[in-house]
Amino acid sequence: MIYAKKKVQNTAHLAAQTAKIIANVKELEEKNLLKIEGNEVSVYPEILKDKATALNWIKCLHLYCMIKKRFKESDSLYFKDYTTGAPIGAFKNKRASVLIF
């Protein structure tokens, strides 16, 4: 829906998306493919297929941390390789960035 030349998202649709994000993150944590410790997220780089997918994952994981871990919107979140510990990306200053692509 477009209102005043801006895309407006239906609240019910947004709630469904948020619920799906929470379910997906919990599933990945249960399978030990993702680990959240403080403001660091360890993830296998294979999950982040390309730059667009990686940026989307970073934004979704920040949203998850805001809801479940009580992060503030301005809090930084750092992503690293699950096996090597090498930096993959970050969410800081309300912007997602990827270092591996």
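Of the strands (runs of 3 or more DSSP E) lying entirely inside region 54-101, the ones with 3 or more residues being surrounded by 19 or more Cβ atoms within 10 Å (Cβ to Cβ) and of a type outside the set (Phe, Trp, Tyr) are found at 87-92. Restricting the first member to region 64-82 and to residues that are farther than 17 Å from ASN93 by Cα, and the second to residues that are not aromatic (Phe, Trp, Tyr) and not in a helix (DSSP H, G or I), the beta-carbon pairs closer than 6 Å and six or more apart or on different chains are LYS80/SER42; LYS80/PRO87; LYS80/ILE88; ASP81/ILE88; TYR82/SER42; TYR82/VAL43. For LEU63, are the conditions met, namely being within 12 Å of the chain's Cα centre (by Cα) and over 17 Å from ILE100 (Cα atoms)? When the stated conditions are applied, LEU63 passes them.
Do we have LYS80 as at pLDDT 90 or above and farther than 23 Å from SER97 by Cβ here?
In short, no.
Which of the residues that make up region 20-51 are of a type in the set (Gly, Ala, Ser) and either modelled with pLDDT under 90 or surrounded by 13 or more Cβ atoms within 10 Å (Cβ to Cβ) (or both)? Passing the criteria: only SER42.
Annotation for region 74-87: at least one member residue is in contact with a Phe, Trp or Tyr (Cβ under 9 Å, 6 or more places away or on another chain), over 21 Å from ALA19 (Cβ atoms) and of a type in the set (Gly, Ala, Ser).
The residue that is nearest to the chain's Cα centre (by Cα), counting only those in region 34-53 that are part of a loop (DSSP other than H, G, I, E, B) and within 18 Å of LYS68 (Cα to Cα), is ASN39. Of the residues making up region 90-99, one or more are in contact with a His (Cβ under 8 Å, 6 or more places away or on another chain) and of a type in the set (A, V, I, L, M, F, W, C).
The values are calculated or read from the model by the stated rules, or taken from the named source; none is laboratory data. Because the structure is predicted, anything quoted here is derived from the model rather than measured. Cβ sites come from the backbone with ideal geometry, for glycine too, and all protein chains shown count toward neighbours.
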